[in-house]
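**Student:** Below you'll find the structure I mean.
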Amino acid sequence: MQNLIQRITAALALVFAVVSSFLGLPSVFEKYENSDKYDPTLGEIKIDLDMTVPRLFLIENGESEYVIVKGSDAIESEAYAAEVLQDYLKRISGVQIPIVNDTAPQQEKEIIVGKTNREGENTFTVDREMLGDEGLRIFTYEDKLVIAGGEKRGALYGVFTFLEEALGCRWFAADLTVVPELDIVSVRKDIDIEQIPYFYNRDVYWSCARDADFSVANKINGIVSLDLSGKYGGGGIKYGGPHFVHTFNFLVPPSVYFDEHPEYYALTANGIRETTQLCLTNPDVLRIATETVLSWLRADPTANVISVSQNDGKDGYCECPNCKAIDDAEGSHSGTLLRFVNAIAEEVEKEFPNVYIDTLAYTYTRKAPKITKPRHNVVIRLCTIECCFSHPLDECPVPDKSGKRITNDIREWAAICDNIHIWDYTTNFSHYLTPYPNFAVLQPNVQFFAEHNVKSVFEQGCYQMVNNGEFAQLKAYLLAKLLWDPYTDIEKHMNEFMLAYYGEGYQYIRRYIDFAVDRAQLFHIHYNSSPEEIVYFSESDLKKIDEWFDKAESMAKTQEELDRIQCSRIQIRYYKNFLRKGEFNIFNNTAATGEALYDDLMRFGITRTKERVPLYPKEKINFRQKINTWYEQKK
């Protein structure tokens, strides 16, 4: 009851704020103008330089008594970890510490990276079984600094963690790394950092995150669009076959079979056979799909996952008597799907015992079945596509678009499956450029996943261009931090990023973000919501937002900072253009303002405003019309 009262009170406060903004009352903005939260020093990176505690002095007075020690038979990622440490210590101090193999005579002052012969019962040990493939440990032994970890990427992650947490380095974006300059490089003798990932696979599927160096530094290991082979330690999940999702038409191609065997495909609610989905109880479909999966695996022995998953779309499933009987008994359309997937997984295991078959819990298959349980080599990839992204999954006051709550579905799957993966949605796929204030849900949603047996999270964002005119780089960075540690200090990460990325004027952009997030609480925003369904900004709101961005721009000290601010400001111009507000009001010269917006889109490499649909060339656009006419319309 108390929570309900709090929600009603908050909703009434927001309604009052919206009414006030419509009337142009200045009290709307008081919260964002008079708060310690916008102290610009909050974004400063803090480095522990406390000299009152015992420390190891790695570099001072332009020299070092230390060497970096790696194993003589070090795996490639551990050898690379030593090189990364050497490189960044030189960037920080100007001093290059030599790298030696552990066959060199042991000396008093060493930085030990990875697995070496320095470990032993009489010195120190590292529990790599507990750390797993990617866990890390950083500690000291006598005058030695030890950076160790799991033998896939643990030591490499350990080096980046040491550089970040002890020395203040940051990898904010593929084109923005922050490295401090220090005359003295030291570390507390009592340093003891141990980190083990919550999720074994962490995929930030944003174009701006498709950089191996950025990804490894921020502990992203998803390889759908990354090559993490060799020195980066190798991938985790590697899909075989032509695609990693929506594979029914690859498994049993309609172009090959439909004309002669329409019975292989779904008997839909229309009473006819259609190629929307497969008939999952037809034994020939199972045979053909199994043979196809095995052929994919034989063609690519490095693959360890195959997707056997429904085609995209929210319906079109088979309703033939056999399929319907099973789904009715199971209480979900996931019943026929899971029995089909289990049968393929059983055959695959005979030849490929280490391969997983993954499938979707998506739209009509999202609910877990009552009877059938996934085999041990089956992965359930549960999708949040119907959910609200202005409120955390377990706090939204209304059911999602399916009429149900995904939190219940996650709990039900977690009760029967040890291999739950999440496909989460973190941008607006119909309006890449519009304000999409989902910051309030990023951390609580990832925490919910961590607490409910989820092993892997795939955060899908704007995957077709680096800039999206909103906050692509910021969101990708925060998601990377959350997937490694769902309980991290996200406010600290956000402020640090924004100061480095936008400059000292970031505090004004932060005001806008908080204002938009608060306003969005009145709405239930989805992955494809129209701008007016996401957030309401009155003309007075937009005037204040422009004032904030103007201040941020005026404080930019470099062209890079100014460009980044102006790129993120695109979202406000898109919103105004789409809703005919501000300078895009019909009484203004919308042709001129529209053309100026298009020119800036091109300047920032923004080639589309929605998923899969590129913008027209300039000469084909009537800039007097709204931006949603600037691309080919679906017929």
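The values are calculated or read from the model by the stated rules, or taken from the named source; none is laboratory data. Quick caveat: nothing in here was measured; it's all calculated off a predicted structure. Cβ coordinates were reconstructed from backbone atoms using ideal geometry, including for glycine residues, and neighbour counts include every protein chain displayed. When the accessible area is computed, the model is the full protein with side chains, heavy atoms only, and any ligands, DNA or RNA have been set aside. Shrake-Rupley method; radii C 1.70, N 1.55, O 1.52, S 1.80 Å.
**Student:** Let me make sure I get this right: for region 179-234, a, b and c are the square roots of the gyration tensor eigenvalues over alpha carbons, sorted descending. Under 1.5 in a/c it's rounded, otherwise prolate if a/b > b/c, else oblate. Which is it?
**Tutor:** Prolate.
**Student:** Here's a follow-up. Provide the per-residue ³J(HN,Hα) series for region 601-611, in order, calculated from phi with Karplus coefficients 6.51, -1.76, 1.60 and θ = phi - 60°, each as a whole number of Hz, with x at glycine and proline positions.
**Tutor:** The phi angles translate into 4, 5, 4, 9, x, 8, 9, 7, 10, 8, 4 Hz.
**Student:** Viscosity 1.567 mPa s, temperature 4 °C: give me the Stokes-Einstein translational D for region 155-198 in µm²/s, with Rh taken as the Kirkwood radius over C-alpha pairs.
**Tutor:** 108 µm²/s
**Student:** State in Å² the accessible area per residue of region 212-370; use a 1.4 Å probe, count heavy atoms of protein chains only, and round to the nearest integer.
**Tutor:** Per residue, region 212-370 has 40 Å² of solvent-accessible surface.
**Student:** Quick one: work out the % antiparallel among DSSP beta bridges in the chain, nearest 5.
**Tutor:** 40 percent
**Student:** What translational diffusion coefficient, to the nearest whole µm²/s, does the chain have by Stokes-Einstein, given a Kirkwood radius computed over alpha-carbon pairs, a temperature of 37 °C and 0.692 mPa s viscosity?
**Tutor:** My calculation gives 121 µm²/s for D.
**Student:** log₁₀ I(q)/I(0) of region 34-118 at q = 0.17 Å⁻¹, via Debye over equal Cα point scatterers, no solvent, to two decimals?
**Tutor:** Debye curve over Cα of region 34-118, log10 I(q)/I(0) at q = 0.17 Å⁻¹: -0.78.
**Student:** On a 1.4 Å probe surface of the protein chains, which of MET465, MET130 comes out largest in accessible area, and what is the full order?
**Tutor:** Greatest to least solvent exposure: MET130, MET465.
**Student:** List the relative contact order of region 197-305 as a percent without decimals, with contacts defined as Cα pairs under 8 Å and 6+ residues apart.
**Tutor:** 22 percent
**Student:** Now, a different point. Can you compute the equivalent ellipsoid semi-axes for region 461-585, i.e. the square root of 5 times each eigenvalue of the Cα gyration tensor, sorted largest first and rounded to whole Å? Walk me through the numbers on the way to the answer.
**Tutor:** On the way: eigenvalues 104, 75, 39 Å².
Taking √(5λ) for each eigenvalue gives 23, 19, 14 Å, largest first.
**Student:** Through the Karplus equation 6.51 cos²θ - 1.76 cosθ + 1.60, θ set to phi - 60°, convert the phi angles of region 40-45 into ³J(HN,Hα) values in whole Hz; use x for Gly and Pro.
**Tutor:** Those phi angles translate into x, 6, 5, x, 6, 6 Hz.
**Student:** Related question: How many angstrom lie between the C-alpha centres of region 82-140 and region 386-429?
**Tutor:** Their Cα centres are 42 Å away from one another.
**Student:** So, how do all the Cα-to-Cα distances of region 235-292 break down into 5 Å bins, in percent, from 0 on up?
**Tutor:** Pairs per bin, as whole percents: 4, 19, 28, 22, 13, 7, 4, 2, 1.
**Student:** Would you mind getting the Kirkwood hydrodynamic radius of region 347-403 from its Cα pairs, rounded to one decimal in Å? List each step's numbers first, then the result.
**Tutor:** Numbers: mean 1/r = 0.0734 Å⁻¹.
For region 347-403, the Kirkwood estimate is 13.6 Å.
**Student:** Okay, moving on. Starting from the alpha-carbon convex hull of region 88-171, give the projected area averaged over all orientations, in nm².
**Tutor:** Mean orientational projected area (region 88-171, Cα hull): 6.0 nm².
**Student:** Tell me, what is a quarter of the convex hull surface for the C-alpha atoms of region 574-621, in nm² with one decimal? List each step's numbers first, then the result.
**Tutor:** Numbers: hull surface 14.3 nm².
So the Cα hull casts an average projection of 3.6 nm².
**Student:** Ordered by packing density, taken as the mean number of other Cβ atoms within 10 Å over each peptide's residues, highest first, how do 161-172, 602-613, 472-483, 379-390 rank?
**Tutor:** My ranking of the peptides, most packed first, is 472-483, 379-390, 161-172, 602-613.
**Student:** Kirkwood hydrodynamic radius (Cα pairs, Å) of region 379-503? Intermediate results must be reported in sequence, preceding the final value.
**Tutor:** Details: mean 1/r = 0.0653 Å⁻¹.
By the Kirkwood definition, the hydrodynamic radius is 15.3 Å.
**Student:** Further question on the same structure: So for region 224-343, considering every pair of alpha-carbon atoms, how many percent are separated by more than 16 Å?
**Tutor:** Of the Cα pairs, 63 percent sit more than 16 Å apart.
**Student:** Another question, then. Rounded, prolate or oblate, given the Cα gyration tensor of region 332-449, with a/c below 1.5 counting as rounded?
**Tutor:** Judged from the Cα gyration tensor, region 332-449 comes out prolate (a/c at least 1.5, a/b above b/c).
**Student:** Whole number please: convex hull volume per residue of the Cα set in region 546-612, in Å³?
**Tutor:** Cα-based convex hull of region 546-612, divided per residue, equals 97 Å³.
**Student:** If you don't mind, another one. Considering all alpha-carbon pairs of region 315-394, what whole percent are spaced by more than 21 angstrom?
**Tutor:** Value for region 315-394: 36 percent of Cα pairs lie more than 21 Å apart.
**Student:** Still on this structure, I have one more. Counting pairwise Cα distances across region 384-436, what percent come out greater than 17 angstrom?
**Tutor:** Details: 605 of 1378 pairs.
Counting pairs separated by more than 17 Å, the tail of P(r) holds 44 percent.
**Student:** If amide hydrogens are placed 1.01 Å from N in the peptide plane, which non-local residues have theirs closer than 5 Å to the one on ILE237?
**Tutor:** ILE223
**Student:** Could you run the Karplus curve 6.51 cos²θ - 1.76 cosθ + 1.60 with θ = phi - 60° over region 206-214 and give me ³J(HN,Hα) per residue in whole Hz, x for Gly and Pro?
**Tutor:** 10, 4, 5, 9, 7, 9, 4, 5, 4
**Student:** To continue, here is another question. Could you tell me the distance between the Cα centroids of region 334-384 and region 173-238, to the nearest Å?
**Tutor:** 31 Å
**Student:** Run the quick spin-label model on LYS373 and TYR200: label points 7 Å from Cα toward the beta carbon, then report their separation in nm to one decimal.
**Tutor:** Taking the simple label geometry, LYS373 and TYR200 are separated by 1.8 nm.
**Student:** Also: Given region 86-237 reduced to its alpha-carbon atoms as identical point scatterers, what log10 I(q)/I(0) does the Debye formula return at q = 0.08, 0.11, 0.12, 0.16 Å⁻¹?
**Tutor:** Treating every Cα as an identical point scatterer, log10 I(q)/I(0) equals -0.24, -0.45, -0.54, -0.95.
**Student:** How large is the Kirkwood hydrodynamic radius of region 151-250, in angstrom, based on all distinct alpha carbon pairs? Walk me through the numbers on the way to the answer.
**Tutor:** Details: mean 1/r = 0.0645 Å⁻¹.
Its Kirkwood hydrodynamic radius stands at 15.5 Å.
**Student:** At 1.4 Å probe size, with the rest of the protein present, what percent of the exposed accessible area of the chain is carbon and sulfur atoms? Spell out each step's value before the answer.
**Tutor:** Details: 13140 of 26400 Å².
Using a 1.4 Å probe with all protein chains present, the chain comes out at 50 percent carbon and sulfur.
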